[in-house]
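Participant: Below you will find the structure I want to go over with you.
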Amino acid sequence: MPHSSRDGIALLTALIVLAITSALAYALSADTGLAIRRTAGGASQEQAREIAAATEALAASLLKEALEDPNAALHGAQRWARPYGPVEIIPGYVMEARLDDLQGRLNLNGLVTADGRPNELARRTLERLLQNLDLEPQWAPKIIDWIDTDDQPLDGGAEASRYSGLMPGYRPANRIITSTSELLALEGFDLARYRRLEPHISALPRDAGLNLCDATGPLLDALTGERQWSGATESLQRNREGGCFPRLEVLRNSLADPAEFEALRSALGLAERSRYFALLGYVSSGRSGYTSYSLLRHEGPGAGQIRVLLRHTAP
Ligand SMILES: [Ca+2]
């Protein structure tokens, strides 16, 4: 074989080896790069989760401070209610959070009594609340039927006989609900209605009453049957700058019949304190962001402790 030919094959072999090596090196580096990015992504979510847990600790200490005196009202002018952040917690991680008093809302599970009967004053409050929000009061019996244990529809309600006929068919919960979003399962109850009602309702254990100090305007009006605070958020806010408003005695005096106040107080668990709170957080790092939701419960007496019942972190 002439020299030139052997040299040609050697050169070709060398080129092929070089090409394979380069391809391998590229594949290797690309794979490693991906692995590093995956690790970084995982670490961010892990960090976000840790920051959410740290925020819970901060929220717990503020809530314990507010609840320490068992005779003091819990209200939105206290430190716990101030939005937190945005603040850079650790380099590269910015956090913001706020606490919501879930007992400033109407507890849907309170619509049905422990022995399974509709709570009539809670129902009237829900009907008025719906009206104050320009929603149809006819949703009240449907919501009660969804929660009550029987399968006998109320007047204007809907039970399994109704839902099983839909395509696809399903059954009502017939038990206390754990999320207000279950209302979206009601036939015809759309997202627009849900968004309007959602800030005023909760799905808590039946004994979680209504804290007047944090009750929303339309809900306060639903108690009195007047239109004083619906659409007057700023005015209500000003009344609350100095502390709890309205106090129990203010509501008692605003109702013509003292017996009605006592009936409402017992039916809705009217109070000036709360035990259930939602902590809503947002952690951002570079272009990624994570929302967190924690359901907190205060367990007394006094400062007691704050238990995290549920925590959810999502990109
Ligand atoms: Ca039912």
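Participant: Is it the case that PHE277 is closer than 21 Å to LEU108 by Cα, outside any loop (DSSP other than H, G, I, E, B) and touching a strand residue (DSSP E or B) at 6+ places or on another chain (Cβ under 6 Å)? If you could, list the steps in order and put the result at the bottom.
Facilitator: Numbers: closer than 21 Å to LEU108 by Cα: yes; outside any loop (DSSP other than H, G, I, E, B): yes; touching a strand residue (DSSP E or B) at 6+ places or on another chain (Cβ under 6 Å): yes.
Yes, satisfied.
Participant: Give the residues of segment 115-138 that are within 16 Å of the ligand (Cβ to nearest atom) and buried (at least 22 other Cβ atoms within 10 Å of the Cβ), sorted by residue number. Write out each step before concluding.
Facilitator: Restricting attention to segment 115-138, the residues satisfying the condition of being within 16 Å of the ligand (Cβ to nearest atom) are 115-119, 122-123, 126.
If the condition is that a residue be within 16 Å of the ligand (Cβ to nearest atom) and buried (at least 22 other Cβ atoms within 10 Å of the Cβ), then ALA122, LEU126 are the ones that fit.
Participant: Just checking, how many residues over segment 148-172 are buried (at least 18 other Cβ atoms within 10 Å of the Cβ) and within 7 Å of the ligand (Cβ to nearest atom)?
Facilitator: The number of residues fulfilling the criteria is 3.
Participant: Ok, one more. Which condition number in (1) surrounded by fewer than 17 Cβ atoms within 10 Å (Cβ to Cβ); (2) not assigned by TED's automatic domain parsing to the domain that holds SER284 is the one that ILE90 fails?
Facilitator: Every condition holds for ILE90 apart from (2).
Participant: How about segment 224-258: which of its residues are more than 17 Å from LEU210 (Cα to Cα) and basic (Lys, Arg)?
Facilitator: Residues satisfying the conditions are ARG227, ARG238.
Participant: Counting only residues that are of a type in the set (Asp, Glu) and not assigned by TED's automatic domain parsing to the domain that holds ILE144, give me the helices (runs of 4 or more DSSP H) lying completely in segment 183-255 with at least 2 of them.
Facilitator: Numbers: elements: 191-197, 217-224, 233-239, 248-254.
Passing ranges: none, list empty.
Participant: So PRO205 passes all but one of these: (1) within 16 Å of the ligand (Cβ to nearest atom); (2) touching a strand residue (DSSP E or B) at 6+ places or on another chain (Cβ under 9 Å); (3) under 17 Å from GLY116 (Cβ atoms). Which condition number does it fail?
Facilitator: It is condition (1) that PRO205 fails.
Participant: Could you please let me know if ASP214 is surrounded by fewer than 17 Cβ atoms within 10 Å (Cβ to Cβ) and closer than 30 Å to LEU236 by Cβ?
Facilitator: On the way: surrounded by fewer than 17 Cβ atoms within 10 Å (Cβ to Cβ): no; closer than 30 Å to LEU236 by Cβ: yes.
Answer is no for this residue.
Participant: Yes or no: segment 59-77 includes at least one residue that is buried (at least 18 other Cβ atoms within 10 Å of the Cβ) and either within 15 Å of the ligand (Cβ to nearest atom) or among the aromatic types (Phe, Trp, Tyr) (or both).
Facilitator: Checked against the condition, which is being buried (at least 18 other Cβ atoms within 10 Å of the Cβ) and either within 15 Å of the ligand (Cβ to nearest atom) or among the aromatic types (Phe, Trp, Tyr) (or both), segment 59-77 yields no hits at all.
Participant: Which pairs have Cβ atoms under 9 Å, sit 6 or more apart or on different chains, and link a residue in segment 145-169 that is outside the structural domain of ASN109 (by TED's automatic domain parsing) and closer than 15 Å to GLU127 by Cβ to one that is part of a loop (DSSP other than H, G, I, E, B) and within 13 Å of the ligand (Cβ to nearest atom)?
Facilitator: Short answer, once both residue conditions are applied: none.
Participant: List the residue pairs whose Cβ atoms are under 8 Å apart, where the first residue sits in segment 290-310 and is farther than 11 Å from GLU68 by Cβ, the second is acidic (Asp, Glu) and surrounded by fewer than 17 Cβ atoms within 10 Å (Cβ to Cβ), and the two are 6 or more positions apart or on different chains.
Facilitator: Cβ pairs passing all conditions: GLN305/GLU299; ILE306/GLU299; ARG307/GLU299.
The values are calculated or read from the model by the stated rules, or taken from the named source; none is laboratory data. Bear in mind the structure is a predicted one, so any value in this text is a computation, not a measurement. Every residue, glycine among them, receives a Cβ derived from its backbone with ideal geometry; neighbour counts consider all protein chains shown.
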